[in-house]
Amino acid sequence: MGFWTWFWIWLVLSIAALAVLALIAKALVNKLGSAAHQAARLAETAQPLVNALDAKPAIERPSDSLLADPAIARARLISLQKAKIKKREKRQRRLIESLKRFDPNESRFH
């Protein structure tokens, strides 16, 4: 085969390779455009969260109560402990009731 035959073969192969490369690049650009669109939507959705994180409420430390009546603090502590115990007992009662209603034929156990 002569020079011109090889020249045309390589020219056609090069043009075909460039066409395939252009198609791959076009698909990549389309995917990047889609990803950029999704990122813009995500940023728009996340903006209220960012605003909420930036606007943190100022939490004040409670003042020391050295001069306050210890009986009041003790009564408050006891009431908080009673509420915690009641909450724990309520949860235990709920769990016991759910065990009483246990049905092994429910679909979540199959």
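Where a number appears in this text, it was derived from the coordinates with a stated rule and is not lab data. These numbers come from a predicted model, not from an experiment. For neighbour counting, all protein chains shown are included, and Cβ atoms are generated from backbone atoms with ideal geometry for every residue, glycine included.
Working out 0.36 nm times the residue gap between LEU28 and PHE102, then minus their Cα-Cα distance, what length gain in nm do you get to one decimal?
Answer, rounded to one decimal: 21.2 nm.
At 222 nm, what value in deg cm²/dmol follows for the chain if DSSP H runs of at least 4 each add -39500 (n - 2.57) and the sum is divided by all its residues, to the nearest 500?
-28000 deg cm²/dmol
About its Cα centre, what dipole magnitude does the chain give when the only charges are +1 on Lys and Arg Cβ and -1 on Asp and Glu Cβ, stated in debye to the nearest 20?
1000 debye
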